[in-house]
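The block underneath contains the structure these notes are about, expressed in structure tokens.
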Amino acid sequence: MRLEAPALLGVISDTHGELHEAVSDVFAGVDLVIHAGDIGTESILAELELLAPVVAVRGNTDEARWAETLPSSARVRVGATVVEVAHDPCAPAPPDADVVVRGHTHRPRLEALPGVLHVNPGSASRPRTQRRVPTVALLALGEGPPRARIVELV
């Protein structure tokens, strides 16, 4: 998928069939939603599509028939920025990726390494953190280097 810059992306993962009620408010006005796997049910994607176009990848628990058509990885271009998406946190990122989005761990993480921003939005349904607060991320692309922030769903 290709978008013009600047763009704001909503990044979500590990919903496991549960879409937190605050997601629609947090993702209001985003240009694209990225779901980094473990979606749970096809209806989650339909609900997210009401907010913005969706790019989704299959997670390790997405085994139902509807999920068979989902890719294991996806690429999004926003202007000159390349975003690579996969569920597996150990999946290798191509050398031309500017942003790497991963899921699976249920732990939010932002890490800026030289030339690459790593984003894990955590889990929007079943966090594995001490505070046990579900999270998503917002990713701003286009003007300057990629910027992301973790948003707690409360």
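FYI, it's all coordinate maths here, none of it is from the lab. Keep in mind that this is a model prediction, so the values were computed, not measured. Methodologically, a virtual Cβ is constructed for each residue, glycine included, from the backbone with ideal geometry; neighbour enumeration extends over all protein chains shown.
Some observations on this one:
- Scattering curve values for region 67-154, log₁₀ I(q)/I(0), Debye with Cα scatterers, q = 0.11, 0.13, 0.21, 0.26 Å⁻¹: -0.31, -0.43, -1.03, -1.33
- The shape of region 2-152 comes out rounded: with a ≥ b ≥ c from the C-alpha gyration tensor, a/c is under 1.5.
- Beta bridges per DSSP with both ends in the chain, % antiparallel, nearest 5: 60 percent
- Scattering profile of region 44-114 at q = 0.23, 0.26, 0.28 Å⁻¹ [log10 I(q)/I(0), Debye over alpha-carbon scatterers]: -1.22, -1.35, -1.39
- Relative contact order of the chain: 26 percent, from C-alpha pairs under 8 Å at least 6 residues apart in sequence.
- Table column - 3J(HN,Hα) (Hz), region 121-134, Karplus curve with 6.51, -1.76, 1.60, x for Gly and Pro: x, x, 10, 7, 9, 9, x, 10, 10, 4, 7, 6, 9, x
- Here the gap between Ser72 and Asp25, fully extended at 0.36 nm per residue and compared with their Cα-Cα distance, gives a gain of 14.1 nm.
- The listed peptides 1-8, 63-70, ordered by packing as a protection proxy, come out as 1-8, 63-70 (highest mean of other Cβ atoms within 10 Å first).
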